[in-house]
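Here the structure comes first, spelled out in structure tokens, and everything after it is commentary.
Every number in this text was worked out from the coordinates using simple rules, so none of it is lab data. In this text, all values refer to a predicted model and were calculated from it rather than measured experimentally. Note: ideal-geometry Cβ built from the backbone for every residue, glycine included; neighbour counts use all protein chains shown.
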Amino acid sequence: MELKATLRKETGRQVKSLRKQGILPAVLYGEGVETQPLSIAYKDFEKAWKQAGESTLVELDVAGKVHNVLIHDIVEDPMKGTFVHADFYAVRMDRAIRTKVPLEFIGESHAVKNEGGILVKVVHELEVEALPKDLPRELTADISSMLVLEARLMIKDIPLPKGVKIIAEENEVIAVVERPRSEEEIAALSEAPIAPEVGEVKTEQEVKRAEKEVEAEAEKE
């Protein structure tokens, strides 16, 4: 996947005018690269995001110099659902890195189709470690092996591409087929008291994302 970008001089509120021109403000940083503000054609980035996501290597051409990068973080307009900012993280091709990839469930479970079981997907993404060139776009989990009620699918059941390692215990459950609930059980659940909410501790990335969203909102004003 290739993507072209240019160095950006506009900062702060000035980037608002770029977005109106169909340009996405971005930043490049990472291994052996000085932080550089960039401008990218919005349509080009949108295409790259659909094909690469956050786990596939992208060749980013900045004024003729190519960097091997991952789309490390994006900020979206919560109202419009459009991108307002993107980060590119430059990687070393000879050093393994860790990132999260989506988990796609494929196949058909006999227990779900014929016995009324309920498929519960416990995990939707997994952290993997691999050289940048070996990073998968996604991992697949085949539920056709789940033949009976209460069957479980685990990390060890996921086929891995060469050079890819999952950072989790092999017996960790990723999906389970639950028994169908009776009307009495459903009624009991609906009448059960709601547990109090537990405050969430924000990760460093979530804090960073929130700061960018605030900055983006300020630029719109």
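For the reader, a short list of remarks on this structure follows.
- Exposure proxy for Met93, Met79, Met1, Met146: other Cβ atoms within 10 Å of each Cβ, ordered fewest to most, give Met79, Met93, Met1, Met146.
- Convex hull volume per residue in cubic angstrom - Cα atoms of the stretch 57-192: 166 Å³
- Förster radius 25 Å - calculated FRET efficiency between Ala41 and Lys100, Cβ distance, rounded to 0.05: 0.40
- Label point distance in nm, Glu138-Lys20, each placed 7 Å from Cα along Cα→Cβ: 3.8 nm
- Dividing the alpha-carbon radius of gyration of the stretch 2-91 by the rule-of-thumb value 2.2 N^0.38 Å gives 1.00.
- Met1 versus Glu115: modelled label distance in nm, points set 7 Å from Cα along the beta carbon direction: 3.9 nm
- The stretch 12-73 and the stretch 149-163 have Cα centres lying 34 Å from one another.
- Exposure proxy shown here: for Leu160, Leu7, Leu28, the number of other Cβ atoms within 10 Å sets the order, fewest to most, as Leu7, Leu160, Leu28.
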